[in-house]
Amino acid sequence: MKRSVLLAALGLALSAAGASAADFERNIMTGGPQGTYIKIGRDIAALGAECGQTLNVLESAGSLENFVGVRNRRNTQFGIVQSDVLEYLKTFEKNDPEVQKAVKGVRIMFPLYNEEIHVLARNDIAGLKDLAGKKVAVGKKDSGTFLTATLIMDILQVKAGERMDINPDEALPKLLSGEIDAFFYVAGAPASLFTGNTIDKAKFHLVPITEAPLLATYTPSRIEAGTYSFQDKPVDLIAVKAVMMTYDYDTKRNAYHRDSCKTVADFSNLIVTGLDKLKTTGHPKWKTVDLTALPPGWQVGVCVKAGMALDYKPACKPAAAATSATDDSNEEYLNLLKQRLQP
C-alpha cells in the first residue's frame with residue numbers, strides 16, 4: 001500500500017477525544033452486509049441487548065476504515081480489524097509522526113478468529129504467480145482485503161495486468177462473466193458470498209496459497225472439502241487474525257471518556273462471561289476464538305482490563321426493571337391526583 005493511500009485514510013478531522021456525552025451512543029464498526037465481521041458484531045450486540053445496552057452495528061468498507069473509525073469517529077468504541085493492518089501501521093510508527101499520532105491510544109480488546117484469504121479464480125490460474133498480467137480485483141482501498149492483497153502481491157513480486165479496486169461482492173459477477181480473472185476476499189470461512197451464489201466448479205476454484213515467503217506473516221490454514229458447493233477437495237491457504245479494537249479512554253478527561261470506558265469494560269465482561277453461549281449460538285467462527293492469542297506488539301486497553309476483574313459487574317438494565325419503574329410512576333401520579341380531587 002502506498003503511503004499516500006494510508007495517510008488519506010487517516011485524514012478524518014473528527015477526533016474521538018472530541019466527542020461529547022450529550023448524545024452518547026455505543027457503536028461497533030464491522031464490514032459489508034455479507035461478511036463475517038457484521039455477523040460477529042450482531043452477536044456481540046445481542047449480548048448487549050440481554051444486558052439492556054444498545055450497541056449499534058455499523059457497516060463499513062472494512063479493516064482500515066474501522067481502525068480509523070475507532071480512533072477518530074464520534075461515539076465509536078469498537079471496531080473489527082485484521083491483524084496485518086496493525087502490523088502494517090506498526091512498521092511506520094517509529095519513523096512517521098503522522099502514523100504515530102494515528103495509532104496513539106488505539107488498543108486491542110480481544111483477538112477473535114482466523115480469517116481465510118480466499119482467491120477465487122479461473123481454473124487455469126493454478127497459483128498466485130499466475131496472477132501476473134491478469135485482471136485482478138483487490139478490494140476497496142480502505143478495506144482489509146485491499147491491504148492484504150497488496151501486501152501478498154508485493155511480497156511475491158506479482159504484478160497484475162490490471163488491479164481493480166472493487167469490493168468482492170462487485171467482483172464476483174465480473175469474474176463469472178469473464179470481465180476479470182480473479183479476486184481476493186479476506187473473510188472467515190464459510191463466507192456467505194460464496195455460499196449464497198452459484199459458482200461453476202468446472203470453471204472456477206479457490207487458488208491454493210502455500211508460498212513460503214508468506215508464512216512469515218500469515219498463518220497456514222485449510223478450507224475443508226465441501227465447505228463450498230464448488231469445492232470438492234480441501235484447499236491449503238493462509239489466514240490472518242481478526243481482532244476487536246477499542247480506544248484507551250481516560251476516565252479523568254470528561255464524561256464521554258468515562259461513559260465510553262464503562263461501555264468497553266461492560267462489553268469486555270459480557271464477551272468473556274458469554275463466550276460459551278457465543279460458541280453455541282453465534283457465528284461458527286466463535287468456536288475457534290482463543291482470547292489468549294494476542295498479536296505481538298500491541299497493548300490491551302485499560303478499560304478492557306477493568307471489565308476483566310473477577311468482581312466486576314456490568315451495568316445491566318433488564319426490561320422488567322424499566323416496566324416496573326413505569327408502573328410505579330403511574331401509581332404515584334394516580335395517588336397525587338386522588339389527593340387533589342378529595343373534597
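The values are calculated or read from the model by the stated rules, or taken from the named source; none is laboratory data. Predicted model only: the values in this text are computed from it and were never measured. Note that we place each Cβ from the backbone using ideal geometry, even for glycine, and neighbour counts take in every protein chain shown.
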Practice task
Answer yes or no: is there a residue in the range 179-201 that is modelled with pLDDT of 95 or more, exposed (fewer than 14 other Cβ atoms within 10 Å of the Cβ) and either of a type in the set (S, T, N, Q) or touching a strand residue (DSSP E or B) at 6+ places or on another chain (Cβ under 8 Å) (or both).
Solution key: yes
Exercise for the section: Could you tell me whether any residue of the range 213-220 is part of a loop (DSSP other than H, G, I, E, B), in the same structural domain as Lys129 (by TED's automatic domain parsing) and under 21 Å from the mean Cα position of the chain (by Cα)? Expected result: yes
Practice task
Determine the pairs where a residue that is modelled with pLDDT under 65, located within the range 74-99, has a partner that is among the β-branched types (Val, Ile, Thr) and part of a helix (DSSP H, G or I) with Cβ atoms under 8 Å apart, the partner being 6 or more residues away or on another chain.
Solution key: Lys90/Val103; Phe92/Val99; Glu93/Val99; Glu93/Val103
Exercise for the section: With the condition kept exactly as written, say whether any residue in the range 215-236 is more than 24 Å from Leu131 (Cβ to Cβ) and either charged (D, E, K, R) or in contact with a Leu (Cβ under 8 Å, 6 or more places away or on another chain) (or both). Expected result: yes
Exercise for the section: For Ile166, state whether it is β-branched (Val, Ile, Thr), in a loop (DSSP other than H, G, I, E, B) and in contact with a strand residue (DSSP E or B) (Cβ under 7 Å, 6 or more places away or on another chain). Expected result: yes
Handout entry: Top-ranked residue of the range 274-319 - restricted to ones that are assigned to a helix (DSSP H, G or I) and touching a strand residue (DSSP E or B) at 6+ places or on another chain (Cβ under 6 Å), ranked as nearest to Arg258 (Cα to Cα)
Key = Val304
Fill in the blank from the handout: In the range 169-178, anything surrounded by fewer than 19 Cβ atoms within 10 Å (Cβ to Cβ) and part of a helix (DSSP H, G or I) is listed as Asp169, Glu170, Pro173, Lys174, Leu176
Fill in the blank from the handout: Within the range 176-198, residues closer than 16 Å to Asp124 by Cα and touching a residue at least 40 places away in the same chain (Cβ under 8 Å) come out as Glu179, Ile180, Asp181, Ala182, Phe183
Fill in the blank from the handout: Those residues of the range 232-272 which are outside the structural domain of Ala49 (by TED's automatic domain parsing) and surrounded by fewer than 18 Cβ atoms within 10 Å (Cβ to Cβ) amount to Asp232, Lys233, Pro234, Asp236
Practice task
Identify all residues within the range 140-168 that are buried (at least 24 other Cβ atoms within 10 Å of the Cβ) and not β-branched (Val, Ile, Thr); write none if there are none.
Solution key: Ser143, Gly144, Phe146, Leu147, Ala149, Pro168
